[in-house]
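Down below is the structure, laid out as structure tokens.
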Amino acid sequence: MKTGKKIICLLVLIIALGGLGYITVCGIGADKYGSASDIKLGLDLAGGVSITYTTVEENPSRQDMDDTVYRLQKRVENYSSEAEVYQEGDNRINVEIPDVTDANAILEELGQPGSLIFMDTEGNVIITGNDIKSAEAQAYKDNNGTTQYVVSLELNDSGKSAFGEATTRLVAGEDSKRYIYIIYNNEIISAPYVKSAITEGSVMIDNMQSLEYAETLASTIRIGAIPLELTELRSNVVGAKLGQDAIKTSLKAGAIGLVLLFIFMIIVYRIPGLAASLALALYTMLMIFLISIYDITLTLPGIAGIILSIGMAVDANVIIFARIREELMKGKAVKSSIKDGSAKALSAILDGNITTLIAAAVLAFKGSGTVKGFASTLALGTVVSMFTALIVTKFILNLLYELGFKKVVFYGIPKERKTINFVGVKNICFAISAVIIIAGFVFMGVNSANGKGAFNYSLEFVGGTTTSVTFNEQYTQADVESIIIPVIKEATGVTQVQQQTVNDSNQVIFKTVELTLEQREAFTNAMVTQFGVDAEQISAENISATVSSEMKSDAVVAIILATICMLLYIWFRFSSLSFAGAAVLALIHDVLIVIGFYAVSRISLGNTFIACVLTIVGYSINATIVVFDRIRENLKNMPKAERGEIVNVSITQTLGRSINTSLTTFVMVMILAILGVSSIREFAIPIMVGVVCGAYSSVFLAGTFWYVFSGLKKKEN
């Protein structure tokens, strides 16, 4: 390639980056291309529609209320994975859907939850809405190429049995009696004909006249599959829980973090660092573009997924550059070093990212609420980071080389590092980790014994009190944060206050931990005396946790399944259970330390806790795999060496990568903690602890765990 063409290629790349940046940041062409202004934000960042339902039954059981909340949660996740459903008082349920402004449209589309039954022609009830697990509209082409529209139902075990018995009985009877009536709120909405016995729990309702008709029927069946009949009490458009400052500080912190990251990469890695910086700029803009295009709702947990994927994007580049420098140390030419170093880095990058994608897929499939939001941004970020690291960075690096940056001085040759005896200090490291983990459990016990609770749970986990106040004037979110909330904290003694302004009114909704009668009175007095509010315009109700017990169970099961899947993949790729066991043990170590940190620091444990744990799981496993990949390589390159020597050499060789990747990720999150509002800070600090733990465990524990496990296996043989 001639020099002129090379310069043109570089200029085209820079112009393309600038153009894409202008589109994504300024919103030009948003209707066609997507932009930052087009991104959907969650309730915590942008607010949305709040709908309050009340039950038709005056005194519903707690079980029915819990089941209704959970099923309604699954229903509204069709609008957004970040939607929230929680109980208010004894017989009311609140539904909050982010980033929408038309409450009436949502109400019309969501439908009115009511009673649903399936009945035969003689009036016998076959199943109820409680027996239906899912209902989806589908389209397919039959043997003649004609598009057919159907509604597919999945039944639970009791529904499967009852439906099987009923359809077996109906197909054996008269043709005129082989119809099943689907009745919603005492109105027949469909009457499908039973062609054969259905005993496996999968039901197909065919002959739908259009896809829209099928979707309407499926939607009605889903909303009818709720234990309690509900009626709308009120609906409002509400503001963000965290206020505008949360968005501004997050964007500011992200921009500063990226600039510092670029400077660091260029100083440490020189020309490769410049190539990586350009690729990371493209990564950032592609993420904005794709999040907008795919309508992913962005919340604090989603930001966690992006931070983790940025760390992984940096990590992939650092692994490649470290390998290039190793090839240069062997005396190879720059061009050969770029080629060979990139090839040798491939396995570690692929294994680390594939394990993360496996975890993200499991979390998206099995998790709910914030877990799904985290999984979406993490999966997207992981794919984009692999693309930019493996393709874009390599392309830019080769282009810069061809433009004349061919001398070794532009790439740097590191000094050969003396092998460190990590195996020799393993017992000391094991003891330090054990003491820290035990200390965390001790703090949990002491806190519980003192009546504080093992953790400082936020209202998302334990519920609390919602207080509606109608002021004499309209306050902005910024005014509420700076003027009113400090008064509430001083009067009640609480440390957590969420606020939501109600559009086109003077009403503000405050959510706190559960207030005592004395605290409620102090709240009311503060509003009356300091803001002149009429006491009659203040109402308070206890609310349930927005993270239900079922959602907690979903999250735990999702994390366990993700861990098992990652273990199986590592076992398969490294052909050894010792590697898999060591990786999972290092992962558990990091999670336990962060959980202990929550207990010691009393940082609020809420929705972001789940995202924090998931971030640490992804970060830890990725860092560990880099070390294991080098151990696997050295087992072949050093066949006569002792296992301890192989571990020490491998960790020493990857030490630069471990330090640099951890440092860049830590700085990114630290800036978020320094500049962010309190809720952002409570989210960022535990992740900083997790990054440090991940670096520590990958360097001092993971390899030595493998050393111990492989030694035990050797003794057994």
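The values are calculated or read from the model by the stated rules, or taken from the named source; none is laboratory data. Because the structure is predicted, anything quoted here is derived from the model rather than measured. Don't worry about glycine lacking a Cβ; one is built from the backbone with ideal geometry, like all the others, and counts go over all protein chains shown. What goes into the accessible areas is simple: the full protein's heavy atoms, side chains included, and nothing from ligands, DNA or RNA. Shrake-Rupley method; radii C 1.70, N 1.55, O 1.52, S 1.80 Å.
To the nearest 10 square angstrom, how much accessible area does S235 have with a 1.4 angstrom probe?
S235 exposes around 40 Å² with every protein chain in place.
Quick one: net charge of I319's neighbours, Cβ under 15 Å, K/R +1, D/E -1?
Working: positive: R323, R325, K344, K394, R630, R632, R657; negative: D315, E326, E327, D340, D351, D629, E633.
Net charge in that neighbourhood comes out at 0.
To the nearest Å, what is the center-to-center distance of the range 156-219 and the range 269-284, using C-alpha atoms only?
58
Per-residue HN-Hα couplings for the range 512-528, Karplus 6.51 cos²θ - 1.76 cosθ + 1.60 at θ = phi - 60°, whole Hz, x for Gly and Pro?
9, 4, 4, 8, 6, 4, 5, 5, 5, 5, 5, 4, 4, 4, 5, 5, 5
Using a 1.4 angstrom probe, figure out how much accessible area the range 353-505 has per residue, in square angstrom, rounded to the nearest whole. Mind showing how you got there, number by number?
Details: 7170 Å² over 153 residues.
Ligands and nucleic acids excluded, the result is 47 Å² per residue.
Along the positive direction of the dipole of the range 580-692 (beta-carbon charges: Lys, Arg +1; Asp, Glu -1; about the Cα centre), which of Y619, S601, L675 reaches farthest?
Y619
Over the range 131-226, with the other protein chains present, what is the accessible area per residue in square angstrom, probe 1.4 angstrom? Intermediate results must be reported in sequence, preceding the final value.
Values: 5300 Å² over 96 residues.
Averaged over the residues of the range 131-226, the accessible area is 55 Å².
Tell me, how many Å apart are the Cα centres for the range 477-555 and for the range 429-456?
Their Cα centres are 31 Å away from one another.
Which whole-Hz ³J(HN,Hα) couplings does the range 137-148 yield from phi under the Karplus relation 6.51 cos²θ - 1.76 cosθ + 1.60, θ = phi - 60°, glycine and proline marked x?
7, 9, 10, 8, 9, 7, 4, 8, x, 8, 6, 10
How charged is the neighbourhood of D120? Take every other residue with its Cβ under 14 Å from the Cβ of D120, and add Lys/Arg as +1 and Asp/Glu as -1.
Summing Lys/Arg as +1 and Asp/Glu as -1 gives -1.
Structure shown: which of K372/K452; K415/K636; K332/K407; K332/K415; K141/K366; K74/K372 lie over 19 Å apart, alpha-carbon to alpha-carbon?
Pairs exceeding 19 Å: K372/K452; K415/K636; K141/K366.
In what sequence, largest accessible area first, do D66, D90, D315, D504 appear using a 1.4 Å probe? Write out the running numbers ahead of the final one.
Details: D66 55, D90 130, D315 5, D504 150 Å².
The most accessible residue leads, giving D504, D90, D66, D315.
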